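The values are calculated or read from the model by the stated rules, or taken from the named source; none is laboratory data. Computed from a predicted model, the values in this text were never measured in an experiment. Please note: Cβ atoms are built from the backbone with ideal geometry, for glycine as well, and neighbour counts cover all protein chains shown. Surface accessibility is based on the protein's heavy atoms, side chains included, excluding ligands, DNA and RNA. Shrake-Rupley method; radii C 1.70, N 1.55, O 1.52, S 1.80 Å.
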Amino acid sequence: MKIAVAKEIEVGERRVALIPEVVAKLVKSGQEVWVEAGAGEGAFFANEAYAAAGATIISDTGALWREADVVLKVAPPKPHEINQIREGAVLVSFLNPLGDPVLAQQLADRQVTAMAMELIPRTTRAQSMDALSSQRSLAGYKAVLLAAAALPKFFPMLTTAAGTIRPAKVFVIGAAVAGLQAIATARRLGAVVDAFDIRPAAKEEVLSLGAKFVEVQLNEETAAAGGYAKEISDTSKQRAQDAIAEYVKQADVVITTALVPGKKAPVMVTEEMIGQMKPGSVVVDMAADQGGNCACTQPGKDVVRNGVTIMGPLNLAASMPAHASQMYAKNLLALLQHLIQKDGTLQLKFEDDITGGTCLTHAGEIRNQRVREALAASTQPV
């Protein structure tokens, strides 16, 4: 079976689907691995390292897409890449299925079996394959470093000959994987950290990291399947905003991470809140690519309002391509090992919760019900 690693062409995407260490494991198990020339350069993995691991370096991009049995990527494929992949081949990648259901239909029309890494179940069995978590963890770490670099103050408390400097106050909104890593990183840097999440179950994890949990009573279910936050009513959104307003006002740094899969990011930090923050404060909006949790966020840009810097970084994990690629490659390896049988062939057993849950398209059909509904909604006349 030919497993191919395609070079990423998305602007700013420096990650690669497999690293040489993982390639060597696949080759040792009897798989033929093709790596597109230059695929690992952005993450500092040279062609020579892949060749030494047993991969075949392919310079003909078209041949790689046409002849591979399995194509591995990080970012969703472009239309011309979809047109090149052969019918019946398997594509494994992030595919943004709820955000871009039209792409799912294009893959189905092409008779591609697409495995969406966003759809990996959040279960103990699938934990080693959970690429969303591995990449969000990296992003949470990097968001705090960006904030620390932009903040005109120290993070830790310092006792100096010039007096004692108080530690920075950091407020983290959203305590899923990215938020928890942001909390842990800010605490390591010496900041005092408060955190908020609409899911009461997040309290224990926040407290375990040494942060204070901001509680608010919302009279509705706030967690969806897999532990993700779900969209809440406008009344609950207003109650949450009211609860966090004072913490935003007092914070030196606000990190926002609140996402609802397939939905526009909820606005948690209003323009009025920004107006009440201290000049020099920093907001890092990790939900910028889905509209942002801050009303002032401009995706991909840093803006200043009333002396407050609002940062809207995109694809933070790609800014740490070496470790991001290492973690993603190991997620892919775990998934491939789950799918590949003892005889070296790949079999899809849809009754299995991992295989069935992750498979987006197969035999010309979109298999995921939520994606089918999103597609139907996207094609309805406005």
Checklist outcome for this item: Going residue by residue through the range 297-306, the Karplus relation 6.51 cos²θ - 1.76 cosθ + 1.60 with θ = phi - 60° gives ³J(HN,Hα) values, rounded to whole Hz and with x marking Gly or Pro, of 5, 10, x, x, 10, 10, 10, 10, 10, 6
Checklist entry - Which of the GluC sites (Glu not before Pro) found in the range 62-106 are in a DSSP loop and have at most 16 neighbouring Cβ atoms, other than their own, within 10 Å? => result Glu87
Next on the checklist: Please state the shape class of the range 101-239: rounded when a/c is under 1.5, otherwise prolate if a/b exceeds b/c and oblate if not, all from the C-alpha gyration tensor.
Outcome noted: prolate
Checklist entry - Near the amide H of Asn96, under 5 Å away, which other amide H atoms are found, from residues 5 or more places off or on another chain, if H is placed in the peptide plane? => result Glu118
Next on the checklist: If packing is taken as the average count of other Cβ atoms within 10 Å, what order do 337-346, 88-97 fall into, highest mean first?
Outcome noted: 88-97, 337-346
Checklist entry - Toward the positive end of the charge dipole of the chain, about the Cα centre and with charges on Cβ (Lys, Arg +1; Asp, Glu -1), which of Ala376, Thr361, Leu335 goes farthest? => result Leu335
Item to check | Sites matching trypsin sites (Lys or Arg not before Pro) across the range 66-97 that sit in DSSP coil, with at most 15 neighbouring C-beta atoms within 10 Å | outcome: Arg86
Checklist outcome for this item: By the Kirkwood definition, with r running over pairs of different Cα atoms, the chain has a hydrodynamic radius in Å of 22.0 Å
Checklist outcome for this item: Computed for the range 6-124: size of charge dipole around the Cα centre, +1 on C-beta of each Lys and Arg, -1 on C-beta of each Asp and Glu, debye to nearest 20, value 240 debye
Checklist entry - How big is the accessible area of Lys203 in square angstrom, nearest 10, if you roll a 1.4 angstrom probe over the protein chains? => result 70 Å²
Next on the checklist: List the aspartates and glutamates whose Cα sits under 16 Å from the Cα of Lys278, skipping any in the same chain fewer than 8 residues away.
Outcome noted: Glu246, Asp252
Checklist outcome for this item: Ranking Gly300, Met277, Leu180 by how far each Cα lies towards the positive end of the charge dipole of the range 180-322 (+1 on Lys and Arg Cβ, -1 on Asp and Glu Cβ), the top one is Gly300
Item to check | Dipole moment magnitude, nearest 20 debye, the chain about Cα centre, only Lys, Arg, Asp, Glu C-beta charged | outcome: 760 debye
Next on the checklist: Please give the charge dipole size of the range 83-227, origin at the Cα centre, charges +1 on K and R Cβ atoms and -1 on D and E Cβ atoms. Round to the nearest 20 debye.
Outcome noted: 660 debye
Checklist outcome for this item: Dividing the helical contributions, -39500 (n - 2.57) per DSSP H run of n ≥ 4, by the residues of the chain yields a 222 nm value, nearest 500 deg cm²/dmol, of -10500 deg cm²/dmol
Checklist entry - Check Asp197: other-chain or 5+ apart residues with amide H under 5 Å from its amide H, H built from backbone geometry? => result Gly174, Val214
Checklist entry - Tell me, how many Å apart are the Cα centres for the range 87-103 and for the range 256-281? => result 30 Å
Next on the checklist: Output the 0 to 90 degree angle, nearest 10, between the alpha-carbon long axis of helix 369-378 and the longest principal axis computed from the alpha carbons of the chain.
Outcome noted: 70 degrees
Item to check | Karplus (6.51, -1.76, 1.60) ³J(HN,Hα), θ = phi - 60°, over the range 25-41, in Hz, Gly and Pro reported as x | outcome: 5, 5, 4, 4, 7, x, 8, 8, 10, 10, 10, 5, 3, x, 4, x, 4
Checklist entry - Using the Karplus equation 6.51 cos²θ - 1.76 cosθ + 1.60 (θ = phi - 60°), what ³J(HN,Hα) coupling, rounded to whole Hz, does each residue of the range 258-267 give in order, writing x for Gly and Pro? => result 6, 10, 10, x, x, 10, 5, 4, x, 7
Checklist entry - Cross-link partners among lysines for Lys7, C-alpha distance below 17 Å, same-chain residues fewer than 8 apart left out? => result Lys73, Lys78
